[in-house]
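Asks: If you scroll down you'll find the structure; I have some questions about it.
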Amino acid sequence: MHNNEVDIHYYATEIRKLAAVHQAGKPLGEVKAKVDLLIQSMKETLGSDKTWQAEKWEELLSELNVYLTNKVDPRWMTVISHAKFRIKSRRQTAVYARKHFRS
């Protein structure tokens, strides 16, 4: 168990809230900036263990996939897709670092 346990459900819920805010009319640029800040705060919480980071990013992606269906509002989809893109980037960075920068 890691000292830096992360509540994946919290981050997924916050991203969903931001998607709802955009759906309700808040400009996309503002919402994307808040999504990016939220993902950055999760990164800082995860610590430096790249294997742990990759696992947690994957868990968050899985949780967000539940909220993407063909019936969702396009504005909702835009925010969730942006979050998934950023999370995938973080996951790939962690995987790359784990493979190439082992101590």
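Asks: Grab region 3-70 and count how many Lys pairs have their alpha-carbon atoms under 22 Å apart, sequence gap of 8 or more, or different chains.
Replies: Lysine pairs meeting both conditions in region 3-70 amount to 11.
Asks: Taking all protein chains as present, what is the carbon and sulfur share of the accessible area of region 1-71, in % to the nearest whole number, probe 1.4 Å? Mind showing how you got there, number by number?
Replies: Values: 2110 of 4050 Å².
Ligands and nucleic acids excluded, carbon and sulfur give 52 percent.
Asks: Within straight cross-link reach of K84, meaning Cα distance under 15 Å, which aspartates and glutamates are found once same-chain residues fewer than 8 apart are removed?
Replies: Within reach: E14, D36, E55, E58, E59, E63.
Asks: Over the chain, give the accessible area per residue in Å² for a 1.4 Å probe, as an integer.
Replies: 61
Asks: Measuring from label point to label point, each 7 Å out along Cα→Cβ, what is the T13 to V72 span in nm?
Replies: 1.8
Asks: Take peptides 44-50, 73-79, 25-31 and line them up by average Cβ neighbours within 10 Å, highest first, as a rough protection proxy.
Replies: In descending order of packing, they fall as 73-79, 44-50, 25-31.
Asks: Along each of the three principal axes of the Cα atoms of the chain, give the extent in whole Å, ordering the values from largest to smallest.
Replies: Largest first, the chain extends 47, 23, 23 Å along its Cα principal axes.
Asks: While we're looking at this one, here's another question. Ignoring everything except DSSP H segments at least 4 long, calculate the 222 nm mean residue ellipticity for the chain; use -39,500 (n - 2.57) per segment, divide by total residues, nearest 500.
Replies: -26000 deg cm²/dmol
Asks: Another question, then. Using a 7 Å offset from the Cα along the Cα-to-Cβ direction at both F85 and S41, what is the distance between the two label points in nm, to one decimal?
Replies: 2.3
Asks: Projected onto the charge dipole of the chain (+1 at Lys/Arg Cβ, -1 at Asp/Glu Cβ, origin at the Cα centre), which of H22, L68, T78 gives the Cα projection farthest towards the positive end?
Replies: T78
Asks: Ok, one more. Sorted by packing (mean other beta-carbon atoms within 10 Å per residue), highest first, where do 34-40, 55-61 land? Could the numbers behind the result be given before it?
Replies: Details: 34-40: 16.4, 55-61: 19.9.
Answer by packing, highest mean first, reads 55-61, 34-40.
The values are calculated or read from the model by the stated rules, or taken from the named source; none is laboratory data. Bear in mind the structure is a predicted one, so any value in this text is a computation, not a measurement. Neighbour counts are summed over all protein chains in view; Cβ atoms, including those assigned to glycine, are modelled from backbone coordinates with ideal geometry. Accessible surface areas use protein heavy atoms only, side chains included; no ligands, DNA or RNA. Shrake-Rupley method; radii C 1.70, N 1.55, O 1.52, S 1.80 Å.
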